Structure formats: structure tokens, C-alpha cells
Amino acid sequence: MIGNELEGVNKEVYKTDWQWQEGEYTVTRTNMWTAPGCHNGCSVLYYTKDGKVEKIEGDPLSPYNQGRLCMRCLDYCETANHPDRLKYPLKRVGERGENKWERISWDEAYDTIVEHVRDIQENFGPECIVSMQGTGRNICWQTPYLSYSAFNSPNFVLGFLSGDACYLPRTTIGHCFMGDFMVADISQHLERRFNDPEYKLPEYILIVGNNPLVSNGDGFFGHWIVDAMKEGTKLIVLDPSATWLATKAEHWLRVRPGTDAAVILAMLNVIINEDLYDHDFVENWCYGFEELTERVQEYPPEKAAKIAWIEPEQIVEAARAFAKADPAAIQWGLKVDQTVCGIPLAHGLLSMAAICGDIDVPGGCMIPRCAYDISDSYGCGLWNVSDEMMQKMLGVETSPLHALGFDPTANGDTVLQAIETDEPYPIKMLFIQSTNPIANMAADAPRVYNAMRKVPFNVVVDVFMTPTAVACADIILPCGMSSERNSGRVWWWPLRSIVKVNEYYECKSDEQIILELGKRLEPELFPWEDDVELMSWWIQSGNRFHAGWPAKTDETFDELKEKVIDWPNDWAYKKYEKGMLRDDGEPGFNTNSGKCELYLTLFEAWGFDPLPYYEEPPESPISTPELFEEYPLVLTTGARTWEYFHSEERQVPRLRESHPDPLTDLHPDLAAELGVVAGDWVWVENMRGKCKQRVRINASLHPKVVRSEHGWWFPEREAAEPTLFGVFDSNINNLTVQGVTGPTLYGAPYANQICKVYPVTAENDASMSEVITTKGGN
Amino acid sequence: MAADEKYGILIDYEWCTGCHSCEMACKVELGLKEGEGYGIKLHEDGPTLMPNGKYEYLYLPIPTSLCDLCAARTEMGKLPTCVHHCQAACMTYGKVSELAEKAAAKPKQCLFVPC
Ligand code: SF4
Ligand code: SF4
Ligand code: SF4
């Protein structure tokens, strides 16, 4: 069904122009990206009248989403015109936490920030300024560029994400393994999609560590999987719960949270020992097959099945299905990263794709890079930071992976420690752009709350007032939503325009904010007249980090605006055969050996285990049996919901109506044992803290596995402390831990904790927000 | 359109993923605020363990009495907004007679004639 000559699209009403008039409305054809936050960038039609977006539709002529939209963009107008949106820059006038603000001008806001930045730079050093952002917001390159070029600080960080446990473990190991990343190929790089003659559907997709229909992670529109299933693609799903996809799967492996690596190693064991691998690819393009063969002998299916609470036959059958499929794709997600063995799990998955011959073949595990090699990532502007300053990046000392700039960000755990201890230097300012760490993402949220309040000067840039802003901001800058910004989207392919069609009070786009602030601090590094010029620079910013493919472009923002979606003409499969991946132009992969490194030469040099392995979660029935007696349930967190992107949208009436409360899934036997029924409030508690959520019955779980939602706060509750929007009342990150990571510093156990669950009663009811804000955390 | 030519919506619920897009698209189109009900409402069953040892997870949205088959949209040549935005592309709008033929051709479908 998904070609791009979409049958049934009425070309009278849906045009290929970028803008046209439909009655009283101006229709603008462009793309969406934050707010709302999201990992996609769907194509939309804005219907504007009198400077207001009145309607929105999915663009049916887009090969990306074919007109489809999820709830959040469908309800865009309600969010964009919400009375609680931030409208003006604000400065704090009461104490932190009192929620007392005064409206100020942009000039005053910028002047205040500049004054603090200069003072810190001169008296303490630029490294004492830390900039941070949340996932899935259109600031992936903007905040880094600001940090590196205007603040001159190497410390750009993904909030307080412990173990960089979102995406970075996978990208980092991908770089060590083959110099690149891998993505399931559902034809998303081909303009003609399934109609492209070169494309082949995956026979099997292995889905691990995500529920892509809901999460849409890493620029992957989840429902593409349904498109493929309709054409016959089959599934293998590793998930603790029977998601809709799991129930449709040929093979559903109900793994105990955090044990996927054991299962993948056992699948490798079966594939190698039963001689189901691709001899040709292994011989020509893999390094270290013998060592891998030896390693996987330690993981017979029986052993892994016992670890993962499944049956050995399930592993054997799934392994055979994957290996025999031609091609097979792997759709891997966040939960791969959220264990202490995130790196070795990702390494195992890459190894499986490689030895089965699925790397960079149509319908397999393709190697993506951003269209036109645009500098879309956290490294944007890094070239403006001196080597000496780079050595001060927090995390560099502790891990060579950070030191060598594999995904150049500071490390969240190290930033937290620096704030708490003033070592190796004190943190004097946080620039917090579109992230709300204490509501979501910071493990051990109460600890992070304390730390953020300790920093002398904090700036928050956001769309709505958040608990983080109330707790610690000194200046708040209101930023525009997607229709209020000139920007672009390129993760990964094609390049898409984001065109401004309206303004909202005094909100500015993230692009305008970094440009105007940057101009005041380092004008020569911000030479652009306005956001449109800045965006043209960004579009043309390719080939900074890659010499060859993809080739950069000299297209301008205005040209892109008219194209709406731009498909570069240099997409290719099997790029390793064509000399497209290495800077020297030779065939092969961009690694030391030029091959896929089943045995990682870099890891060997650094003293890390060069082969994939399994490590038990640090707190689990096996690691801590005594603790497990007191907290006898395995807790996984972070399952996505249709309505919300992480901590966003709780204030949007129609979205909240659809999902009013935080939910914890319990098996019916467990619910019966606890004496609770669906809708009851329960405490979920462990050694570090507790929170309360409502019961949802989920018959597909293992009776000892509990699944709790994340990101909850309550915009309808009092903003001022001690309530603080109820941010700790239902916060599952009262239970998670900061600073426990894999040996590389990557990977953290967000999704494999232990806990106990018991009913909330009149006697034990309490507001954890009040407890934490009045006692100062913990 | 001849008076006797009824239109309806065919839902291939084998593929309905429960994404709620039809619900939200419809509320927006009909101007229904929070608490004002739905023009189409999603229903969920599962995940349920079946006697064959497999889990089944079913979703089906049902148009309510507020559904006018997106009269304003279809008049200008657009599809009903629920059909247009369905993330699983499992909804079809058309003449009931034609949809009935489609329904006969593949199992796990449901034909609604809301008005
Ligand atoms: S996935 Fe949803 S929120 Fe993201 S761009 Fe698409 S419709 Fe919008
Ligand atoms: S066709 Fe009916 S159910 Fe669908 S969006 Fe229109 S009014 Fe709502
Ligand atoms: S939009 Fe489509 S897939 Fe989503 S709930 Fe409605 S019918 Fe199901």
C-alpha cells in the first residue's frame, strides 16, 4: 500500500505546492517537529486564518507518513492555544519553588544571561556552564551549538540521563562495531517506498526493547511495521508484556526485564552451532568470528531461558526463524540501552545482523546517515571547542569512549556528581532547553531535584511551566511550537522543511533563541542575520564528520521550503562494497579492521570486554536474593502511551481525558494476592523511594513482573512547593538509581529494578512531593 | 449521490492497533471538547490468553450517534478524517454495497453504517 503515487488521494484538494489557498484558509504543506516532542517528523498541512493555525491534517502526499497522524499532532491546536502556555520571558521574583515571576523583555532576559555567562567564564571557566536538553525535541544540534560556540563549554549533556541510557549506547557501539548505526529498513529512504524495484520486504523483523507503534523511536514511524505486516512480514518480539505487536508475532519471547542480552547470545549460539549464518559475509566482512563462536558457547539456550524466565525452545525457534529469513531486520529501541549491559546487548544484536548477512541489504538492517550529511547531532559546533577545553568535558576521565568523542556529550552521572561535590569543578549555571528532568529522565529524581537547586543560576527554555522550572529556574524563556518556527528535520532521510506559519505572543523558536543569545556572546560564530539564514547554514553543514557519503548540498532554506520534502539522490545499499562508508574511499566499514568487528579491537585496547556478554541487573532475584525477598517483584518502567511524549501534554484536556492517571500493570494473580482491582491506587516502592499509581490488569505479564508508567506530573495541581505540581507523587524515578552503569559508563538499569506493591490506604496515604520538597529530597 | 446509495466505514480490525487517532481526529472535526463525548469510540479486548496458548489483543472503534460520516469533508472531496488519519490504514470509506463486497473478501472486518 505505501507507494507515493497514493491511490485515492484527491489531487484537487491535496496539492504538491508548498502553499495554496482553500476558501478562507491558507494551506501550508510542511513538516512537524516540536513541540509536540517526538522522534518523528511527520508531514502536515496547516490551515491558517488571521495568523492562527485553525486546523491541521496529515499530508496524504507524503511518502513518510502518507497522511497519518498520531493523537498529539491531531490535537495540535488545543495544545498550541492552551491558556497555560508560556507567553513572555520571566524572571524569578520569589524564592525558588515559590512560583513567583515577573514578566521581562527579551532584552532584559538576554542581558541577564550574558552577564552571568561572562562572570562565570571569567571567574570560574566556561566549563562551569552546563547545557542540557531532553530527547525528541528539535534542539539536537541547536543546544550543542550554543554550548560549544557561545558558552565555550564542552559540557552539553542529555539532562541527567544516567548511563546516557537512551540511544547513545547503541550509536556508540555501532561506531565501534562498524563505524555506523543500523536501522530496520522499511523502505523509508526510498521516495517510492514499497514500489521501488530495489526494495525487498523483510521476511522477519526482530523487535527488541521497544513497542514501536507507540514509541516511534529514533525517527522510525512505528506503523511502517504494520504496513510491512500487511504484505507478509513476520515478527519476533522480545517484550515482558504482550503488546499488540507481540500478540501478532510468530515468536513472542516474554523475557524478564533486563535479560535480553542472555537471549540474544543464546540465539547467536544456535545460529552459529547450527551453521545458519552467512558464510560469505562472515568471511569477507566480519572480524573475530572465532572469538565470537567461542564466547557464545557460554550461552546455551537452556541457560539463557532459565535466566530470562522463558523456554529454551522459544529461543531456538526464534533464532532459526531470524537466521533463515532473507532478509531480516532488527527494530531495536530504548530498552536495549536501559540495562547495565546495554552496550553488550547492542553488540550482540549488531553481531546477529552481521553474521546473518543482513547488514545494509534492502529490507534488512540498513546503515543510515543524515541526508546531505547534515550536522544534526550533538556534535554540532564541536569544532569551535579547543582541545584543551575538550579535556574538561565531564565524563572524559572515566571512560575512553567519552574521551575519544564517540557521541560527544558529557555524562549525566558525572555532571550530577560535579554539582553535588564541586569536583572536578563547581557547576555555576544550567541552561535547560526543553527538558524537565525531575519529571522525567533523571533517575533518582529527588536527588537530582536537590542538585539542580544547588546550582546558582539556571535558565529554562520551554513551552509550558514545568516542575523543573518552578523548582530551580531563575530565568524562563518561552519557546515556540512547531508551527511557530523555521527549521528542518533530517533524522535520517529525507530532508524535510519546518516552516513558520504563525506567532504566539512573544514566543521565539529555539533557533532564534540560540542565534540571538549567541550573537551577544560570540558574534563571529553566529554570523547569520536571522533564523532563515541560520537554517540555510545548517542544511549546508554536511561533510564535517564524514568525507564521502552522503554528499553535502548547497540548498537554501527557501528552496527546501518549496520542495517540502527533499530526497537526495545518493542513497544506496551495500555501501561497504562501494567505498561509501570510509573516509579513505576504500570498500569496507569505517573501523580499524575495515570489517564488522564481532571482536572489538577498540574495546580490547581500552581494556573492556571485546565480545558481547550478559550481566545480571544489579538488583534482581539473582543478584540480590535477600533484597528480593523484601522487594519480590521485578519492575520495568517507561512503556510509552499514545497520548504523551514522556512528561509532555498532561495539561492538554483531550489527551488527558484519554489517559487521566498514571498506570501500573499487574498480573491478575498478583492483583488478587494484593487485594486490589483495576483502578485502585497502589504504592510501588523499593529501597530508594516510592510513588503511587493506579492498577491496570495485564494478564500477559509474568506474575512477578510489574510495569509502571513514567513522566507523570499534574499541571492541575498547585505549582508552588510543597506541591510542585505533584511531581514526585507518581514519579517512578523516585525508585530508580543514578550512577550505576556499565563499565563503559553507558547503559543504566532504568527498566530492570525490583519493587514491592501494596494498596494505598487512608492511613498510609501521603504526598511524596510534599515529603521530598520539605525534607529537601530523599 | 442517489438517495439510496448509503455510505459507510469498513474497519479491518485485524490491523487496528488501538492508536486512538480515529477518536481524536473525529473529536477535533466535530468540535467535541474534553467530556463532550466521541463521534467514534475505541473499544479494547485483551491481551487475552486463548485456549491455543496464544494471546489475542483486539481493538475496534465504533462510530456513535454523533457521526455524520464527515459530511462537510466528503462534500469537498476529502475522506472522513478518521479514515484519513488512521495510523494502521485499516479504515475504508465508501458505498455500503462496495464495502460489503470487500468485507466478504477478507475475514476480521466490520462494516458500520452510522447514518
Ligand atoms: S509521530 Fe505523532 S507527534 Fe510525532 S510528528 Fe508524527 S503525528 Fe506528530
Ligand atoms: S466519519 Fe464519523 S466517526 Fe469518522 S471522523 Fe467523521 S464523524 Fe467521526
Ligand atoms: S485510527 Fe485506525 S488503528 Fe488507530 S484506533 Fe482507529 S481504527 Fe484503530
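The values are calculated or read from the model by the stated rules, or taken from the named source; none is laboratory data. Bear in mind the structure is a predicted one, so any value in this text is a computation, not a measurement. Cβ sites come from the backbone with ideal geometry, for glycine too, and all protein chains shown count toward neighbours. These accessible areas exclude ligands, DNA and RNA; they are computed on the full protein's heavy atoms, side chains included. Shrake-Rupley method; radii C 1.70, N 1.55, O 1.52, S 1.80 Å.
Among A:150-162, A:122-134, sorting by the average number of other beta carbon atoms lying within 10 angstrom of each residue, highest first, gives A:150-162, A:122-134. Summarised as an ellipsoid, the stretch A:5-80 has semi-axes of 19, 17, 9 Å, derived from the eigenvalues of the Cα gyration tensor scaled by 5 and square-rooted, with the largest first.
Protein-only accessible surface at a 1.4 angstrom probe places the residues A:Y378, A:Y148 in the order A:Y378, A:Y148, largest first.
As a fraction of the 1.4 Å probe accessible area of the stretch A:625-775, surface on carbon and sulfur atoms comes out at 53 percent. Burial here means at least 50 square angstrom less accessible surface with every protein chain in place than with the chain by itself, probed at 1.4 Å; in the stretch A:52-81 the buried residues are A:E57, A:R68, A:M71, A:L74.
On the beta carbon distance between B:N52 and A:D196, with R0 = 30 Å, the FRET formula returns roughly 0.20. Per residue, the accessible area of the protein assembly as shown comes to 33 Å², computed with a 1.4 Å probe over protein heavy atoms only. Projected onto their three principal axes, the Cα atoms of chain B cover extents of 48, 37, 21 Å, largest first. Each label point was placed 7 Å from the Cα along the Cα-to-Cβ direction; for A:E586 and A:E102 their separation is 6.6 nm. Taking all protein chains together and a 1.4 Å probe, the residues A:K775, A:K11 rank A:K775, A:K11 from largest to smallest accessible area.
What is the distance in Å between the Cα centres of the stretch A:299-314 and the stretch A:239-258? If we compute the Cα centre of each part, the gap is 15 Å. The residues packed around A:R496, meaning those with a beta-carbon under 10 Å from its beta-carbon, carry a net charge of +1 if Lys and Arg are +1 and Asp and Glu are -1. Distance from the C-alpha centroid of the stretch A:98-127 to that of the stretch A:19-68: 36 Å, rounded to the whole angstrom. The contact between chain B and chain A removes approximately 3200 Å² from the accessible area (both sides summed; 1.4 Å probe; ligands, DNA and RNA excluded).
Here the calculated FRET efficiency for B:K41 and A:D111, from their Cβ-Cβ distance with R0 = 51 Å, stands at 0.45, rounded to the nearest 0.05.
The length gained by stretching the chain between A:L276 and A:A720 to full extension, at 0.36 nm per residue less their Cα-Cα distance, is 153.7 nm. The apolar share of the surface of chain B, taken as the fraction of accessible area on carbon and sulfur atoms (1.4 Å probe, ligands and nucleic acids excluded), comes to 55 percent. The alpha carbons of the stretch A:625-775 stretch over 41, 40, 34 Å along the principal axes, in descending order. When you restrict to C-alpha pairs under 8 Å that are six or more residues apart and normalise by the size of the stretch B:7-112, the relative contact order lands at 41 percent. For n ≥ 4 DSSP H runs only, could you compute -39500 (n - 2.57) per run for chain A, divide by its residues and tell me the 222 nm figure to the nearest 500? Counting only the DSSP helices, I get -8000 deg cm²/dmol.
From largest to smallest, the equivalent ellipsoid semi-axes obtained for chain A from the alpha-carbon gyration tensor read 36, 33, 27 Å. Within the stretch A:392-525, antiparallel bridges make up roughly 25 percent of the DSSP beta bridges whose residues both belong there. Net length available on complete extension from A:A403 to A:A766 is 126.2 nm, with 0.36 nm assigned per residue and the Cα-Cα distance removed.
Projected label points at B:A100 and A:A551, each 7 Å from Cα along the beta carbon direction, are separated by 5.9 nanometres. Percent of accessible area on the stretch A:274-359 owned by carbon and sulfur, 1.4 Å probe? Looking at the stretch A:274-359 in its full context, I get 45 percent from C and S. Among the chymotrypsin sites (Phe, Trp or Tyr not before Pro) within the stretch A:169-253, not one is in coil by DSSP while having at most 15 neighbouring Cβ atoms inside 10 Å. Remark on A:N216: its backbone amide H falls under 5 Å from those of A:G222, a criterion applied only to residues 5 or more positions apart or on other chains, H modelled at 1.01 Å from N.
With a 10 Å cut-off around each Cβ of B:55-61, the average count of Cβ atoms from other chains is 4. Contact residues in the stretch A:208-228 (at least 40 Å² less accessible area with all protein chains than alone, 1.4 Å probe): A:H223. Take every pair of alpha-carbon atoms less than 8 Å apart whose residues are at least six positions apart; their mean separation over the length of the stretch A:503-592 yields a relative contact order of 18 percent. Each peptide in A:719-730, A:535-546 gets a packing score, the mean of other Cβ atoms within 10 Å over its residues, and the list from highest to lowest is A:719-730, A:535-546. Heavy-atom accessible area with a 1.4 Å probe sorts A:R485, A:R654, A:R192, largest first, into A:R192, A:R654, A:R485.
Entry note, chain A: relative contact order of 18 percent, from Cα contacts under 8 Å with a spacing of 6+ residues. More than 18 Å apart: what percent of Cα pairs in the stretch A:287-385 qualify? Result: 64 percent of Cα pairs exceed 18 Å.
For a paramagnetic label modelled at 7 Å from the Cα of A:N569 toward its Cβ, which residues of the stretch A:346-373 fall within the zone defined by backbone nitrogen distances under 12 Å? Counting backbone N atoms under 12 Å from the label point, the list is empty. Between the listed residues A:P126, A:G97, A:N40, the Cα displaced farthest toward the positive end of the dipole of the stretch A:29-146, a dipole computed from Cβ unit charges relative to the Cα centre, is found at A:N40.
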